[in-house]
Amino acid sequence: MQDKSRHQARRVARQGITSSSPAAPAWPRTALLLGLLTVQWVHAEGNPADRQTLDAVQVTGNPLGNKELAQPGQALAGDALLLRRGASVGETVEGLPGIAATSFGPNASRPTIRGLDGERVRMLNNAGGSLDVSSLSYDHAVPVDPLVVDRIEVLRGAAALLYGGNAIGGVVNTIDNRIPRSPAQGLSGAAEFRLGGASNERALAAVLDGGQGAWAWHADVSRRLADDQRTPGFTAPDGQPMDHVRNSASAARSAALGGSWLGRDGYAGLSFDDYRNDYGVTVEPDVKIAMQRQRVAGAGEWRWNEGPLRKLQWQFSRARYQHDEIEGDGALGTRFAQRGSELRLQAEHAPLAGARGVLGWQLEQSRFEVQGEEALMPSNRNRAQGLFILEQWSDGPWQLGLGARRDQVRVHSDGDAPDATDARFGPATERRYAPASASASLSWHPVPALGLSLNINHSERAPSAGELFASGVHVATGAFEQGDATLGLEHASGLDLGLHWKHASGSVEVNAYRTRFKDYIALRATGASVPGDGGESLPVYAYQAVGARLQGLELSLQQDLRLPWLPGALSAWQWQAGLQLDWVQGNDLSHGEPLPRIAPQRSTLSLDGQGGAWGLRLEIQQAAVQNRVPAIDRATPGYTLARLSLSRQFRWGQADALWYLKLDNLGNALGYRASSMSTIRDWAPLPGRSVATGVQLRF
């Protein structure tokens, strides 16, 4: 590849992508020194070799491999992912259009999509369930290290048809090569080291891929250490001046091994991964979580050129999850343990009456156990199985899609243990549900550069075990939470309109949506209170079914620029300006007040430059004040963050390499995330001014 084409490809990979999450105040001298030394090291190197890029076709929600999706989605891969990677998946994707993060401190951060979080957003790994308990509480981390992920895809809107009725908000799919799906001859791999940032992070990861003949294998390891996250000066809820997020240090590690047999018409593979993370629960000064998950996964497919079936895919996973909440004196406070499994079969049929389509069956089951005096809910068993179908017709510039799904869900509570001294959960009981979902999508491309889309969907969600059976003090919310075993299905009906225009020097993408909920399951204050262990009064919150509405707008613009007035070689660089804006509004229609934890209106201006082996990105993000909050909450102030990153491609021996330097929150602005729980928000502001550097090698 010629140098010009290579640099254009790298610039395209950055389009529409914002930099990674903000960092913090003090400027770590170690990281800055490493950055300066690395610049001297790479300066003498020659032109970089081509860097591998991934297929632009989105995988999630796209079983037929269409180049254009009617449903709105976005992917991070390559250098764009490298420069955004944070300590968690939520921190990595936060800031993409329509996506915020729960941010229970820097270690437990789950994505929020279009104002929806928790059970309504499903976390996937290679399109299979993550099989963790991160949706149960905001202080539970997702057991994935972004350092070893090749690609992250986000599908917004009605994702329920392919991934389950709970995914009303959307899905976030982390993709890796632990089960190889294409032949590999010889050995290839990557290694990355990063240092600095607001938490003085020290992180290292390595990935190896190899194969011979019909066999391929994969291995990866990662290690991440972080101190308490530094912040601009602020006053904590207890009145103490602070310059860091207390009890936010962490130590995480992961390892994985996988292999596949690959034939002419298909493949079959297995993988095993082990993830462990020890981190502080920021809302408490001395409580730690020791978390671990082991997961076995298998996947395969077989293809035919003739006959009624053209492709058959199968996927299964089984995971063992456990985390212990450890008190300051070393005593075990609460233990959460889960054994879960998932099996999925999907078949693509031959074209029939002009339609291409897939049919599938999915089974999920889990056994959840909780031990300790602070148990919020009883031990429980869950089982869900569903059938789904998706059909698509194409006629010139028109494409029509229809889908439907039906599930059978069973949620069983074990109730109080026979020897329980504090009976709160009652006798064993079971609830059964039969949620159904359907969607219709229409897209039109009057010219290749312009696409218009319309999505209409209806989704139903069965309540979770926590929403049904919770009865106890929840440390993460600072409240006594009460479930309702009589809750029925949650219904959502939505409309999504999209426009995408791509021209020679830029692009425009707009999505507008509106979703109306019947029996939206909300956690609301009752006005009552109970005494806490320390004599304090804890408010009582109850899960209730209410009417609700969510509506919003997402806008992304990119435009190539020529800047001949810049000094020196910068005038010959290739430049691109970007504008991103998103807005979401949520309303509790039954009580006439806003829904909680809704991200404010956000706008981001960016400027990307590429000149030879060098790359530069400047970004300014502005978050408006969020004063549309429930009566029990208070407004979150607005803030403005400025970020700057510099990168350099080079050759190191036989390896392609990329060095980067990231400066976050240049103005050291104090900011809080409105999408966080109010109990943690004032303890954990956004990180302040910081610098981080790193090097990635590929061979």
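The values are calculated or read from the model by the stated rules, or taken from the named source; none is laboratory data. Keep in mind that this is a model prediction, so the values were computed, not measured. Here Cβ is always computed from backbone atoms with ideal geometry, including for glycine, and neighbour counts include all displayed protein chains.
Suppose the filter is among the acidic types (Asp, Glu), within 17 Å of Ala623 (Cα to Cα) and at pLDDT 95 or above; does Asp582 pass it? Yes, satisfied. Within region 431-447, the residues that satisfy the criterion of being buried (at least 17 other Cβ atoms within 10 Å of the Cβ), assigned to a strand (DSSP E or B) and of a type outside the set (Lys, Arg) are Tyr433, Ser437, Ala438, Ser439, Ser441, Ser443. Once region 215-247 is narrowed to residues that are under 16 Å from Pro106 (Cα atoms) and among the acidic types (Asp, Glu), the residue that is surrounded by the most Cβ atoms within 10 Å (Cβ to Cβ) is Asp228.
Just name the residue that is surrounded by the fewest Cβ atoms within 10 Å (Cβ to Cβ) out of those in region 261-278 that are in contact with a Lys or Arg (Cβ under 7 Å, 6 or more places away or on another chain) and farther than 18 Å from Val149 by Cα. Among residues in region 261-278 that are in contact with a Lys or Arg (Cβ under 7 Å, 6 or more places away or on another chain) and farther than 18 Å from Val149 by Cα, the one surrounded by the fewest Cβ atoms within 10 Å (Cβ to Cβ) is Asp265. The single residue among Val133, Val171, Val154, Val148 that is farther than 21 Å from Pro435 by Cα and touching a helix residue (DSSP H, G or I) at 6+ places or on another chain (Cβ under 8 Å) turns out to be Val154. Take the residues of region 394-412 that are at pLDDT 95 or above and in contact with a Lys or Arg (Cβ under 9 Å, 6 or more places away or on another chain): which is nearest to Glu467 (Cα to Cα)? Residue satisfying both the conditions and the ranking: Val411.
Residues are listed down the side, and each one gets a yes or a no for (1) surrounded by 13 or more Cβ atoms within 10 Å (Cβ to Cβ); (2) modelled with pLDDT of 90 or more; (3) touching a helix residue (DSSP H, G or I) at 6+ places or on another chain (Cβ under 6 Å):
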| residue | (1), (2), (3) |
| --- | --- |
| Arg514 | yes, yes, no |
| Tyr520 | yes, yes, no |
| Ala525 | yes, no, no |
| Pro531 | no, no, no |
| Pro539 | yes, no, no |
| Arg549 | yes, yes, no |
| Leu561 | yes, yes, no |
| Ser571 | yes, yes, no |
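Listed by position, the strands (runs of 3 or more DSSP E) inside region 148-210 whose residues that are closer than 22 Å to Leu661 by Cα number at least 3 are 186-196.
Cβ-Cβ contacts under 7 Å between residues 6 or more apart (or on different chains), taken from a first residue in region 495-521 that is of a type in the set (S, T, N, Q) to a second residue that is surrounded by 20 or more Cβ atoms within 10 Å (Cβ to Cβ), are listed as Ser507/Gln558; Asn511/Pro72; Asn511/Asp496; Asn511/Gly498; Asn511/Glu554; Thr515/Ala492; Thr515/Gly494; Thr515/Leu550.
Just checking, does region 331-344 include any residue being within 18 Å of Leu124 (Cβ to Cβ), charged (D, E, K, R) and either out of contact with any Asp or Glu (no Cβ under 9 Å at 6 or more places or on another chain) or touching a residue at least 60 places away in the same chain (Cβ under 8 Å) (or both)? Yes, because at least one residue in region 331-344 is within 18 Å of Leu124 (Cβ to Cβ), charged (D, E, K, R) and either out of contact with any Asp or Glu (no Cβ under 9 Å at 6 or more places or on another chain) or touching a residue at least 60 places away in the same chain (Cβ under 8 Å) (or both). For region 666-696, which positions are in a strand (DSSP E or B), of a type in the set (Ser, Thr, Tyr) and more than 17 Å from Glu91 (Cα to Cα)? Listed by number, the list holds a single entry, Thr693. Among the residues of region 303-346, which ones are surrounded by 15 or more Cβ atoms within 10 Å (Cβ to Cβ) and of a type in the set (A, V, I, L, M, F, W, C)? Scanning region 303-346 gives Leu312, Trp314, Phe316, Ala319, Ile326, Phe336, Ala337, Leu343. Exactly one of these conditions fails for Arg276: (1) assigned to a strand (DSSP E or B); (2) out of contact with any strand residue (DSSP E or B) (no Cβ under 9 Å at 6 or more places or on another chain); (3) not aliphatic (A, V, I, L, M). Give me its number. Among (1) assigned to a strand (DSSP E or B); (2) out of contact with any strand residue (DSSP E or B) (no Cβ under 9 Å at 6 or more places or on another chain); (3) not aliphatic (A, V, I, L, M), the lone unmet condition for Arg276 is (2). Close contacts from region 230-243, counting a first residue that is assigned to a loop (DSSP other than H, G, I, E, B) and a second that is of a type in the set (Phe, Trp, Tyr), with Cβ to Cβ under 9 Å and a gap of 6+ residues or different chains, come to Ala236/Trp683; Pro237/Trp683. Taken over region 79-121, the criterion of being more than 12 Å from the chain's Cα centre (by Cα), of a type outside the set (Asp, Glu) and outside any loop (DSSP other than H, G, I, E, B) is satisfied by Ala80, Leu81, Leu82, Leu83, Arg84, Phe104, Leu116, Arg120.
Looking across region 393-417 at every residue that is touching a Leu at 6+ places or on another chain (Cβ under 9 Å) and of a type in the set (Gly, Ala, Ser), the one that is farthest from Pro435 (Cα to Cα) is identified as Ser394.
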